[in-house]
1. At a threshold of 8 angstrom on Cα-Cα distance, excluding pairs fewer than six apart, so keeping six or more, what relative contact order does chain B reach in percent?
2. Can you give the FRET efficiency to the nearest 0.05 for residue B:318 and residue A:221, using r as the Cβ-Cβ distance and R₀ = 56 Å?
3. For a footprinting-style exposure proxy, rank A:100, A:233, A:89 by other Cβ within 10 Å, fewest first.
4. Taking 8 Å as the Cα distance limit and 6 or more residues as the minimum spacing, I'd like the relative contact order of chain A as a percentage.
5. Please compute, for peptide B:81-87, the average count of beta-carbon atoms on other protein chains lying within 10 Å of each residue's beta-carbon.
6. For residue A:182 and residue B:10, FRET efficiency with R0 = 51 Å and r from the beta-carbon atoms, rounded to 0.05?
7. Ranked by Cβ crowding within 10 angstrom, fewest neighbours first, how are A:184, B:351 ordered?
8. Multiply the residue gap between residue B:355 and residue B:330 by 0.36 nm, knock off their C-alpha separation, and tell me the result in nm, one decimal place.
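Each value in this text was obtained by applying a stated rule to the coordinates, not by laboratory testing. Bear in mind that the values here come from a model prediction, so they are computed numbers and not experimental data. Don't worry about glycine lacking a Cβ; one is built from the backbone with ideal geometry, like all the others, and counts go over all protein chains shown.
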Ligand SMILES: Nc1ncnc2c1ncn2[C@@H]1O[C@H](COP(=O)(O)OP(=O)(O)OP(=O)(O)O)[C@@H](O)[C@H]1O
Ligand SMILES: [Mg+2]
């Protein structure tokens, strides 16, 4: 059998082909049946809480639905996305989500926020993970303590930071002023230049522990003896990090980054609480929420939500594909 | 070309001392094997020599230079780990070349060294493979190859064969012996549990017990003239039979009466004061033979178990003492449980140990 396996793959395939109909008999049918049986409850739940709302949202994005009258919605084609209105005098104008400067501002805000905060979190998380992976007294306590920011609900930490960043009473301005870094109080969350950074700072504070923990899990999978081998080989620690540690924990980092990026692209609560009504920080989710529930443009908000879903789905697909390809090449 | 000298080497983890002052001289080009029961400190001693663990006390010299504070790399050692410790994401070639790239050796020189090691160990066909695409034995050879490419002064092996199956162990053991012959002047230190490995590979064996050196000597020395009860029972399989005994007569030869045995003369001299002292009489299972029919022999007892291993038969004999006596008889011996037999041994094959466990030395019988 081993010979067939190594030297003659065609024969093996032929064998399998012969064997398959027999295998597909009663036993495998039964297995398939019980597999579906076990999956069914989960599929039903998923259909109810994920597929159905998603389908509804997509449907509403092609209608003129309003919040008061969801059942009276009529199909309007792509009007919510893009529509050319001819004024009859040779001029005309594009309307719809794709022609909405505010929407594209929200897309830009979201992408910028995602890229910057996830990048910082990845680097900081990696540093934290490396530190937490080294043995030192009280490590268990520190590992637990590091998680505290992650454990606090976003609304609470956003409110907390909003107070700390308050331009008049905030402790942040007070501290920076007393050590002489700034001369005048800064309205961190309100001023256009600093608002996005305020959001990024809070997000980094809050989610770096999550990153650190995911990467730490990856680090702990790296066998310790290869570090001893490297020590005996006399390889410089920096080179060991780049050539041994990093390649080995790359899968963990890739997973952590995609988790965080998907989360960040959907950001809502942090921005909604920390910097309300600030066009510099308005994210795609905030834009959608405003239109859905505040401006009575339910269909328009649905279109924004659908677009957000598309963006996230595309990024995920591309990322997974790219990461896989690279992983495949590295093996 | 490296000599090693350990003087009072101690190692403690916190308050727990694991090595209690090891003194050892290792000559250049020697193959030294550390053996001892699990947890006795073999790996620790090896790691201390490698520089992976700090020395708590004493000095370690390589070629006359104290290296206590020297990094592993500068000590010029290479180590083969029990777990291979290969870099999982690097090809076999890169695994062997990785440590070399930092030394100022040029690309061509690195390539030459890697290929030479690969040829020596017959792993050339696998140079592009990853460790996980290799069998255990091949991985072990890559690990050895990685050590060879460093051209070390001292080679350290920590139970390198313990993850291999029996047949591969024998084969790799022979390869390591060949390797040592081929690398003239390279000192090798080898840790093992396996007696056969120790006996076949070693120029000298170091028997460790609870962080102490019990005895250092050539394999046959340890076998024939163990310094103490621990070494006597540790070397040889099955272990030496040890029976409580009393000295009945002293002089040029000593007459002792072992528990469950007959009075016997042992060719060692003891002072008159030793009379009636409690001692231990040791006899190896393979030194026991069936007494001729009708003879009384040294021990008489009932056979409690017979194990036939093909080339030998192991017989367990109840002599009325605390422990059964084990005898290793050549060939297939037709014995059955419950029969009463007598066993005898040549006087020269008997070992006498004092109540402190130290050997009471046999007189040199060569002249006679
Ligand atoms: N990092 C450590 N901290 C505390 N004690 C340790 C440490 N490493 C080893 N020891 C102790 O040191 C003693 C010797 O360990 P070592 O690994 O040298 O044994 P060994 O002879 O190699 O055993 P084995 O044959 O099972 O590999 C053991 O009692 C072990 O518990
Ligand atoms: Mg060990």
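1. With pairs under 8 Å counted, the relative contact order is 15 percent.
2. According to the calculation, E is roughly 0.55.
3. Least crowded to most crowded, the residues run A:89, A:100, A:233.
4. Averaging sequence separation for qualifying contacts and normalising by length gives 24 percent for chain A.
5. Mean partner shielding for this stretch: 6.
6. With a Förster radius of 51 Å, E is 0.30.
7. A:184, B:351
8. 5.8 nm
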